[in-house]
Amino acid sequence: MIKANTVFLVAMAFVAVISIDSMGQTVIKGDSYSPPMVYDEKKSLDKLAENLLDNPEATGYIIVYRSRTSPPLETTANIARIQKYMLDTHRLDSKRITVVDGGRKQEPRTQAYLVPKGADVPKPTPTDFPANDPISSKVNEYSPSNEEVEMANLDDFNLRIQNDPDAVGHIIAYGGRKGRPGEARAIIKRASNYLIKIRRADAKRLMFVDGGLREKASVELWVVPLGADTPRPTPTVRVVKKPNTK
């Protein structure tokens, strides 16, 4: 079995002809594998290699898809692993094996095709696109100088997190330029105590971030859906360390 950074355990479904080009040649789709655990990647690739040996003029075409939450580097690693296995283990001519990045689907999937001479190669069919990615949203920003305003904002924020069980709440605190040292950390401690100890919010679904300094102390409240990029702090005041004096 091939050792991989991401384990591909497969569900095999051998299907019929999927396309016919103008020459009348047919492209045969072989194994399409992804979770759950039924067949492994090695068995699917071995089957394609066997079909290539039986059809010396045909080529193998393999499309690798990743899921929305998988990084692009995962696809790169999978392509390299598949190519190495087919060339090193089965000693196939590199011109007879093509492995391509198919983009994203709802779940990781790899599809293997036997392409006869003269037939058009299959086209990737991604179903999940970056335009559909979830986006983090800043639901509020406030000054922590008023305790009642602060609690009202945190209560609203807590309800938003509860209404989206897959989301994580990010609280970014900024100290003021003329504030006391550690002001952002003090804001974080106060917000954390209120949300977790008083409102009984799930600590695992909250992230508290010291955002640095701004002209005036402030707090940003972000709701981060599953799969969305986390917000980055945006301080506006640069901290300049004073040189040591004797």
Practice task
Inspect segment 107-117 for any residue being out of contact with any helix residue (DSSP H, G or I) (no Cβ under 6 Å at 6 or more places or on another chain), of a type in the set (A, V, I, L, M, F, W, C) and either outside the structural domain of Ala80 (by TED's automatic domain parsing) or over 30 Å from Met86 (Cα atoms) (or both) and give the result as yes or no.
Solution key: no
Handout entry: strands (runs of 3 or more DSSP E) completely within segment 21-134 that count 1 or more residues being of a type in the set (Gly, Ala, Ser) and modelled with pLDDT under 90
Key = 26-33
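The values are calculated or read from the model by the stated rules, or taken from the named source; none is laboratory data. Computed from a prediction, not measured in an experiment: that's the story for all the values here. Don't worry about glycine lacking a Cβ; one is built from the backbone with ideal geometry, like all the others, and counts go over all protein chains shown.
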